[in-house]
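Each reported figure results from applying straightforward, stated rules to the coordinates on display, with no laboratory input. Since the model is a prediction, treat every value here as computed from it, not as a measurement. Heads up, the Cβs are rebuilt from the backbone with ideal geometry, glycines too, and the neighbour counts pull from every protein chain shown.
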Amino acid sequence: MFRKPFRLMLCILFLSAILINLSSCSGSEAPKTLDAKEITSLGNHCEGLERKQVDAWNTKDPENLRQVYTDDIVHFDGQPLYTDIGEVIAMAHGIFSSFPKWQMKPGETYISKDQCLGTWINWGLFGITQDDPGTEYNLLDFQGDKISYWRLFYDQRFDKAWGGEQFIDPNFLSQFASGWSGGDAAELTKFYTEDAKLEDSLYRVAITGQPAIQNYANSFFARSPGASWVLIDSFGEEKAENHPELYPPPSQGGVFAIKVTDAGGNPCEIIAAVILTPNEEKKIEAQKIFYNADTLLACGWAK
């Protein structure tokens with residue numbers, strides 16, 4: 001695949017800007033109640049983007065993708081990197097030719113303040129069947145109703161179908177769930193590096209370092225005593241072997257049911273998707289959380 005150095009440099013600068021912006025914010029208070037109108041609006045927007053994207057791919061006409069992506073779309077699909085709409089369309093031609101029986105439908109979406117995490121349900125490729133479909137997780141930035149940044153993660157069904165070196169570590173994700181279910185912020189913090197970053201943009205939280213994360217965890221445990229995290233699905237991406245400096249750090253994550261109680265003391269579940277960047281020692285260097293909008297409303301976290 002032909003690479004455009006100028007666009008690659010823009011991509012690197014774009015990613016660096018995100019990290020700088022995150023590091024400039026702080027906050028470790030317990031989550032406050034969110035605004036229901038804003039949450040509903042964000043949820044509807046993300047659902048619309050994901051539906052529009054899947055509908056365009058389902059036409060099997062690559063030219064229809066121009067209605068979905070900006071001309072300068074940046075797309076990470078594991079190791080391949082595409083840096084404009086022309087490259088994405090060329091990639092789509094190859095996929096449609098290789099997988100004529102590929103079918104898909106939109107799945108659940110998860111929101112943050114400024115990004116969407118959407119899902120595609122896939123079958124008819126890599127031996128994946130409609131009875132046991134595979135899920136792609138799409139991290140999206142957008143400009144209006146078009147997608148400007150698209151990073152792909154794959155669930156364990158793709159992981160199994162491809163074989164080779166697995167990019168999802170179930171033990172790492174189980175440790176994460178156990179830590180956030182244990183109620184011990186000091187013990188939980190041991191899973192993070194000293195300068196780890198944690199972002200929860202719906203609650204305007206962007207913090208760095210173990211002490212700040214410990215304070216944030218204490219606030220969460222105080223607000224939701226007895227909360228437990230249960231892993232529903234997992235996803236990840238492979239590590240880039242060639243020119244890794246051009247790619248985001250390889251990450252993995254999962255969809256979790258956070259079991260809490262509502263204001264009336266009734267059992268309730270917040271469904272959240274978390275992207276985690278581990279280091280070689282399986283300690284968390286970065287964490288970003290997204291929420292299913294409907295569950296925030298149903299549990300009273302948004303009013």
Which percent, nearest 5, of DSSP beta bridges in the stretch 165-298 are antiparallel? 90
Among 147, 104, 90, which residue has its Cα positioned farthest towards the positive end of the charge dipole of the stretch 89-183, with +1 placed on the Cβ of Lys and Arg, -1 on the Cβ of Asp and Glu, and the dipole taken about the Cα centre? 90
The size of the Cβ-based charge dipole (Lys, Arg +1; Asp, Glu -1) of the chain about the Cα centre, to the nearest 20 debye, is 360
To make sure I understand the rule: partners must be lysines, Cα under 29 Å from the Cα of residue 101, and not fewer than 8 residues away in the same chain. Which ones qualify? 52, 60, 146, 160, 239
With the contact rule set at Cα under 8 Å and sequence spacing of 6 or more, what percent relative contact order holds for the chain? 20
For a protection proxy built on the mean count of beta-carbon atoms within 10 angstrom, sort 185-191, 233-239, 59-65 highest first, please. 233-239, 185-191, 59-65
Normalising by the residue count of the stretch 154-262, find the relative contact order in percent from Cα pairs under 8 Å and 6+ residues apart. 30
In degrees between 0 and 90, to the nearest 10, how far off the longest principal axis of the chain does helix 85-98 point, with axes built from Cα atoms? 80
Among 210, 192, 226, which residue has its Cα positioned farthest towards the positive end of the charge dipole of the stretch 183-226, with +1 placed on the Cβ of Lys and Arg, -1 on the Cβ of Asp and Glu, and the dipole taken about the Cα centre? 226
Quote the relative contact order of the stretch 42-162 in percent (integer), defining contacts as alpha-carbon pairs under 8 Å separated by 6+ residues. 25
Scoring only Lys, Arg, Asp and Glu (+1, +1, -1, -1) among other residues with Cβ under 13 Å from the Cβ of residue 299 yields 0
Hey, if you put +1 on the Cβ of every Lys and Arg and -1 on every Asp and Glu Cβ in the stretch 165-298, which of 175, 258, 246 ends up farthest toward the positive end of that dipole? 258
In the neighbourhood of residue 113 defined by beta carbon distances under 10 Å, the net charge of the other residues (Lys, Arg +1; Asp, Glu -1) is -3
Based only on other Cβ atoms within 10 Å, what is the fewest-to-most ordering of 129, 208? 129, 208
To the nearest 10 degrees, how steep is helix 170-181 against the longest Cα principal axis of the chain, on a 0 to 90 scale? 30
